[in-house]
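The values are calculated or read from the model by the stated rules, or taken from the named source; none is laboratory data. Only a predicted model underlies this, so the values are computations on that prediction, with no experimental measurement involved. Here Cβ is always computed from backbone atoms with ideal geometry, including for glycine, and neighbour counts include all displayed protein chains. Accessible surface areas use protein heavy atoms only, side chains included; no ligands, DNA or RNA. Shrake-Rupley method; radii C 1.70, N 1.55, O 1.52, S 1.80 Å.
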Amino acid sequence: MPEYEKRTRRDLSAALRALLREEPLDQLRVRELTERCGLRRQSFYYHFNDIYDLFDWCLRQERALLLERLENCLTWRQALLELLDRAAGERAFYQAALDREGQAGLGRMIPLEEVLEAVQVYYRDRCGTAPDRAAEERERRCGQALLLSLLEGWIRGGLALTPEELADALERTAEKSAAGAVWQTLREQGDWDWMS
C-alpha cells in the first residue's frame, strides 16, 4: 500500500479516536471524520465502506499494536501494565469496542490468550514441569474470562484504580492463591508438620 494511503488511514483512525471522546460511535458521521482530516468524503469511501468498517479496521490495528508492544514484556506484570496503560490512554476507543461488540469483541482485540500462554510457558519452564496442554488450555480460558471481566469493569469506570494499583491488586490475589495452593498441597501430602 502506498504511503499516502497508509497516511490517510492513520489520519482517519486518529480522527475516529478523537471524536469518540466526544460522542458515541453510532452518532459519528463520515462528514465529521473527513472534515477533521481535511479530506473529501470520496477519500473516505475509497478506503472504507462506512464508519463501522473503519472501526473494525482500527480494532485489528489495535490488536497488532498490542501484540507488537507485548513482545518486549518479560513478565505478566509488564504485559498487564502495557495493556492497562494503553487502555487508559484510549479509554473512549476501548469503551466503544465494548459497546459495539461486548466482552467478546474486547477479547478479540486484546491478545490476552497470547499473554497468558507466555506466562504459562515461562513458569512451566522455570519450574521444570512437563506440559499439560489440556490443563493449560482450561487455565487460559478461565484466566482470559476473569481478566476480560476485570478489564470491562475497569474500562467502564467501575474500578477507580490506576493501572499500577490494579496490577498490584491482581498480583496480591495471585500470590495469596499460590500460597493457599501450596499450603493445601502440603496438608494433603502430610508434609505440613514443619509449619507448626
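Summary table
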| item | result |
| --- | --- |
| Candidates Leu19, Leu33, Leu67, filtered to the one that is touching a residue at least 40 places away in the same chain (Cβ under 8 Å) and either surrounded by 14 or more Cβ atoms within 10 Å (Cβ to Cβ) or under 14 Å from the mean Cα position of the chain (by Cα) (or both) | Leu67 |
| Some residue of region 85-96 being more than 17 Å from Leu20 (Cα to Cα) and surrounded by 14 or more Cβ atoms within 10 Å (Cβ to Cβ) | yes |
| Residues satisfying the stated conditions in region 51-62, i.e. crowded, with 19+ Cβ neighbours inside 10 Å and free of Cβ contacts under 8 Å to residues at least 40 places away in the same chain | Ile51 |
| Selected residue (only one of Glu136, Glu101 is over 13 Å from the mean Cα position of the chain (by Cα), open to solvent by less than 70 Å² (accessible area, probe 1.4 Å) and over 30 Å from Pro24 (Cα atoms)) | Glu136 |
| In region 36-50, the residues that are in a helix (DSSP H, G or I), of a type outside the set (Ser, Thr, Tyr), under 24 Å from Ala64 (Cα atoms) and open to solvent by 100 Å² or more (accessible area, probe 1.4 Å) | none |
